[in-house]
Structures are given as C-alpha cells and as structure tokens.
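K.L.:
Sending over a structure as structure tokens; questions will come in a sec.
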Amino acid sequence: MRSPRTPNQALRILLAEARWSGARLAREVNALGAAQGTPYRYDRTTVAHWLAGSRPRPPVPQLVALALSRRLDRRVRAEDTGLLAPGRPSPDGESTGEGDAVARLDRILHGTCRCGLVLADPYALPTAAGPHEPFPPIEPQPPDPATGPAAPAPAFAPAPASDPPGRIGMNQVASARELLTLFSRTDSTFGSGAVRVPLRQYLSTTLLPWLRCDMKPAVRRELFTVAAQLAYLCAFAHFDMNHHVAAQRLYLTSIQLAAEAGDPVGRALGLRGLSVQAHALGRFAEAQDLAENAVHIGVRYVPPHQQAFLYGQLAVARAAAGGSGAAGLLTSAERCLERSASGATSVGAFHQGSLALQQAVVARSAGDLNAAVRAFQLSRRYRPAEEWRSAALAAAELAETQLSAGHLDQACNTWQDFLDVYPHIHSARADDRLRALHAALRPHSAHPAAAAVLARARVAHSRTGQDHRNGAGEGGGGNGSGNGHAGTDR
C-alpha cells in the first residue's frame, strides 16, 4: 500500500504526457471548479505537493482526471492520477485498497483493465479505438497454436493457481528470479511467441498472489523488484508480438512496481522500454522524452553496461527526432561498456553487438547508409550465438539497408542469412521483416538472386500458421512495420 508521502509517479507521467507544467494543471483545475460553482485557488506549489504524495479531497481528483482527459483526448480516471487515497472507491466503482501497481497488474492479466494508455497518441493505433473512446479491455490470452518444431515452448509450464503461502520469504524471491532468467533466455533465443503466454500465466497464477501476501519489508522490496523485471519482460514480449496496447500497459505497471520497491533502476528500464516502443511506432519526439527521463532517473544507479543501455537508446531517439548529440551519447555508451565486466543480465542486457546495432540505426537516421551497413555487420559479428531473434532482425535490417544503398546482390545474400534463422523463431517483428522482404524484392524478381530469395521466402511464409503471421490483436495491436525495429535489444 502506497504511503501518502510516496511521490506520485502516475501524476508525473500524465503531466509529462500532456506537456503541462504544474501551474498549467492548477489553472485548468481552477477553471473546472469555477464552472461547477466551486472556486479553487490552486497554483504550482499545490501541484508540487500532489506530486510529492499529498492527496486533495474529492472532487479534485475527478477534476484533475477531467482536465487531463480533455488535454490527452482520451479517458483518464481519477484512479489513474494517483490522487485517490487507498481504500477509496474510484468513480468507476473499483476499490483501490491494494497497491496501485498490483491492482493494475491484476486488471491487465485478467482482462479487466480499461485504463487509458500512458502515451495515447503514440499508441492509439487505428485498430484500437476511436479518438474519444476508452481503449477496450485486454482479453485473456489463449495459448498460441503450435508453429512447428522449430520454435518449441519453454521448459517451464506454470502450475495451476493455488492458495498462496501465508507468508512470503526469500525462497519465493529466489524462485521468481530463476524463472525470470529462464523466460529471458528462451525469449532471446526463440522469440517472444515462445514465452508470452506462459509468462502471463506465471504472473497471474503465482506472482500476483505472492504480491498480496504478508511479508517482511526487506522481502517486499526484493519481491516487488523482481516483479517489476518480470512485468518488463512481459511487456517486451507483447511488444515483440506487436500487441502494443498490452505492452504499454505492462511497461507502465513495471514502472509502478519498481516505484513501490524504491527501485530507480526498474523505473528507468521501464521508461526506456516505452521509448523503444514509441520509436518503433514512429513517435520520435515522445521516444526522446522517455529516453531522457530514463537516463535522468536511472543512470546514477545502474552498472556500466546498463548505463550504456540507457545512453544508447537516447542516442537512437535523438537521432530519429532530428536532435543533436547522438554521437556523443554513443561515445559515452562505448566508454561505459569498456568499464563493464559483463553485460549479461535478464533485463537490460547490453554488449558490443547491441551498441553496434544502435550505431547503425543512428547512422541510418543521418542518411549515411554505408556507415549503417558497416555497423550492422559489426553488430552481427559481436552478437552472442544464442540470440537468434536479434540476429534475424539485424540481418533483415542490414539487407534492407544494403538494398537502399544499391547493393542488390549483397542484400540477397544477407536475406538468405535471415531466412536461415527465421523458421526457428516466433516473433511478430520477424514476420514484419519477412513481409518487408517481399515488398522490397518484388520489383527485382527478374534478378536471379532476388528470385531465389523470394522463392525461399514464400516457402517460409507458407509454413507459418495464421497467428504466427498476424501480429495484430489484444485490444489494439498493429503491424508495427512502419519503421525499422533495429535498436530494440531488450
């Protein structure tokens, strides 16, 4: 349960999304109150107190929600502002008696989350909802159909839900960490299609009941920290499968869980994940803002390889938004990696292959295709052998860049490498790259090398199931193919 003095991260995120100062929010609330016959004289100091954790009496939370709803052109509930006291019924009839993050995670996993998105414009895809409608709930997810022996399910099968133990200890924390490692390794190798549903099931049947149990404060901090990492991984899995609404909600939930654990690292990683998603969807200004916030919050607390993880994404986002300083940020990331003993962590992993990938994306944003090609090639050289999904995506991005630079034969050779890996992974982003391959090579179909790649790609396409080919769904997906997905190492 959040203490009244705990900073209100939910309101801070909403203000950042609205691009409002505290003074602007105060003016809007004053105007709404006056229109309803209840004049207020709030100012920026009042809002600063709210951000610090104080809560105004009703109907002020409802007025704040209304002002933000009008600004963001979507529904924001009073509960979403973080201004309702624990145990107070929200306007939607839901109790906020338990921690905000746990309640949100419960609603997401059980298909009852009707909360708005953190960044409505970047993620409000046409298939999600109209501009004035609340986003639909996330329906419970049935298991994905089998896609052949090449993309096996992970070794872990979650046990059925059972009554949680009366008190949670470090044994449960250690168990959650072990499963985080297992899910992370499986995702990196086989793609998120192999872990998304089992991970959701584990969060729902095991972790959620644990989060509601009695535990010592030290255990609670550790459990909420690993829960934030699991929610982050689950968000990335939905992003990789093009379930963008669910991905965004889960990223926000990971930030809230980390905040309740007092973990600035988890908050920073969640903001970086949102930045990656915004960049992939072409919302470059929002991606830059999120990446800057991630660096501001977390860079002092993370180990060197995760400092590089944060700096590299900020470089990618700034370059895409047309800002300056991307080269300097990449240099900072490189120096951080030089000080790092190891970049292998379950979330926030980063290595020389990751950095080269981001260097390629920055070069491509600057229009330097030859430099981008060289960096993509370095990324493939330094990529760990077990990272099949990232290897496939990087090969596809390299081939597209080679073709853009006028090197058709080289692009065809690289696409053959992509097709070597593609049947072994289940990733909607990889499916997007297969569709991009068809579109790019169709005008060159008379060329022998291109014809060979197209023929092989048609076979690969025909062997995948419909769910494997179609990434849209889950309350508003989208094909995610408007921009390249490079630079998105988890």
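The values are calculated or read from the model by the stated rules, or taken from the named source; none is laboratory data. The structure displayed is predicted, hence computed values, not measured ones. Positions of Cβ are backbone-derived with ideal geometry, glycine not excepted, and every protein chain shown enters the neighbour counts. We work out accessible area using only protein heavy atoms, side chains counted, and drop any ligands, DNA or RNA first. Shrake-Rupley method; radii C 1.70, N 1.55, O 1.52, S 1.80 Å.
K.L.:
Any idea how far apart V459 and R44 come out in nm if each label point goes 7 Å out from Cα toward Cβ?
P.N.:
6.6 nm
K.L.:
Keeping all protein chains in place, calculate the accessible area per residue for the range 389-466 (probe 1.4 angstrom), answer in Å².
P.N.:
Averaged over the residues of the range 389-466, the accessible area is 38 Å².
K.L.:
So how much accessible area does D409 have, in Å² to the nearest 10, using a 1.4 Å probe?
P.N.:
Looks like 90 Å² after rounding.
K.L.:
Under a Cβ-Cβ cut-off of 12 Å, what is the net charge of the residues other than A26 that fall near it, where Lys and Arg count +1 and Asp and Glu count -1?
P.N.:
Its environment carries a net charge of +2.
K.L.:
Considering just Cα atoms, how many Å³ per residue does the convex hull of the range 306-461 enclose?
P.N.:
Output value, Cα hull per residue: 109 Å³.
K.L.:
Given labels modelled 7 Å from the Cα in the Cβ direction, how far is it in nm from S21 to A344?
P.N.:
5.0 nm
K.L.:
On a 1.4 Å probe surface of the protein chains, which of E387, E292 comes out largest in accessible area, and what is the full order?
P.N.:
E292, E387
K.L.:
Still on this structure: Mind listing the phi-derived Karplus ³J(HN,Hα) values for the range 411-427, rounded to whole Hz, using 6.51, -1.76 and 1.60 with θ = phi - 60°, and x for any glycine or proline?
P.N.:
4, 5, 4, 5, 4, 4, 4, 4, 6, 5, 8, 3, x, 9, 10, 10, 8
K.L.:
A further question on this structure: Using a 1.4 Å probe and counting only protein heavy atoms, arrange D214, D80 so the residue with the most accessible area comes first.
P.N.:
Accessible-area ranking of D214, D80, largest first: D214, D80.
K.L.:
Right, another one. What is the P(r) of the range 170-325, as percent of Cα-Cα pairs per 5 Å bin from 0?
P.N.:
2, 10, 18, 21, 21, 15, 9, 3, 1, 0
K.L.:
Kirkwood hydrodynamic radius of the range 379-452 from all distinct Cα pairs, in Å?
P.N.:
The answer is 12.4 Å.
K.L.:
Now a separate question. Which order do the peptides 446-457, 184-195 come out in when sorted by mean C-beta neighbours inside 10 angstrom, highest first?
P.N.:
184-195, 446-457
K.L.:
Now for a different question. Put W210, W388, W50 in order of accessible area, largest first, 1.4 Å probe: what do you get?
P.N.:
Ranking W210, W388, W50 by accessible area, largest first, yields W388, W210, W50.
K.L.:
Which residues' amide hydrogens lie under 5 Å from the amide hydrogen of T345, considering only partners 5 or more residues apart or on another chain, with H built in the peptide plane?
P.N.:
So T345 has HN proximity to F350.
K.L.:
Which FRET efficiency value, to the nearest 0.05, is calculated for A218 and R167 with the Förster distance at 22 angstrom and r the Cβ-Cβ distance?
P.N.:
According to the calculation, E is roughly 0.95.
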